[in-house]
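Contents: one structure, followed by commentary.
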Amino acid sequence: MRINKYLSLTGLGSRRKVEQYIVDGKVKVNGKVVTNLATQIDPDKDVVEYDNSLIESEQYKYFMLNKPKGLECTMKKSPDSFTMADFIEQNPALKNCTYVGRLDKESEGLLLLSNDGRIVEKLTNPKYQKPKRYVVTVDIPFSEAHIEDLERGMIIDGYRTRKAEVTKLTNRKFSIVLTEGKNRQIRQMCYKVDLRVHRLIRTEFDKFSIGELKAGEYEELPSQQFEEYI
């Protein structure tokens, strides 16, 4: 197994982050510094260290969080914002986890967290087109024409969005299913048709559903639910 892949699987960090650790000379294999990202190791035989501390594979953990409004999806701390780094620090069970599929600061709902780097690609790469359902409340009553415009796709920042599935819930609330996740995509789509988002909640991510989980609460999920992504 390549050293960069092994380190990301142990929960030390994302693939990009651990590759920087290697290039910076912070990783040793059997007592020798390695800087080649393609270095092959045997996890059962080789001794791997980061910053002179022994690295051992962790047991993979998977969680579902109902992200509250105001929690920012970034692993960096900020004096001006409550971030995912702060949230994980306050909840020791989530140690070494990172989020899978971000939500913007003002949005709420289903967010997966894990220390298993293998699932990120399968759940977030647009080529796999994993469906995500959102419930959106807007500022004014909308029409069938609004629904048709949202469903057919539109140009945003030079990119044509994929077709969406929109279902009317009330005269100011609808659900929308996307198979992509551009930055603030739903808000921008609504803006293009003269609607303003008052509340946005992700209720489903592929086969996972938020259920009765309250805002700010999280629950651990069994590893068997993620076998298809590995």
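Pairs exceeding 22 Å between alpha-carbon atoms, taken from Lys105/Lys163; Lys32/Lys95; Lys69/Lys182: Lys105/Lys163; Lys32/Lys95. Taking GluC sites (Glu not before Pro) as candidate sites, keep only those in a DSSP loop with at most 16 other Cβ atoms within 10 Å, then name the longest stretch of the chain containing none of them. Longest stretch, sites excluded: 107-179. Counting only Cβ charges, +1 for Lys and Arg and -1 for Asp and Glu, the dipole size of the chain around its Cα centre is about 640 debye. Neighbour counts of C-beta atoms inside 10 Å place Cys73, Cys97 in the sequence Cys73, Cys97, starting with the fewest. Database remark: amide H of Ala164 closer than 5 angstrom to the amide H of Arg152, Gly153 (H placed geometrically; neighbours at sequence offset of 5 or more, or on other chains; Pro and chain starts carry no H).
Determine the calculated [θ] at 222 nm for the chain from helices alone, applying -39500 (n - 2.57) to every DSSP H run no shorter than 4 residues and normalising by the residue count; nearest 500 deg cm²/dmol. Calculated mean residue ellipticity at 222 nm is -5500 deg cm²/dmol. The candidate values are (i) 0.94; (ii) 1.04; (iii) 1.07; the one derived from this structure for Rg/Rh (Cα atoms, Kirkwood Rh) carries the label (ii).
Glu106 sits among other residues whose Cβ lies under 11 Å from its own Cβ, and their net charge, with Lys and Arg +1 and Asp and Glu -1, is +3.
Separation of the stretch 32-79 and the stretch 144-191, taken as the distance between their Cα centroids, equals 35 angstrom. Fewest-first ordering of His146, His198 by other beta carbons within 10 Å of each residue's beta carbon gives His198, His146.
Each reported figure results from applying straightforward, stated rules to the coordinates on display, with no laboratory input. Worth saying up front: this structure is predicted, and the values here are computed from it rather than measured. Because the Cβ atoms are built from the backbone with ideal geometry, glycine has one as well, and the counts that use them run over all protein chains shown.
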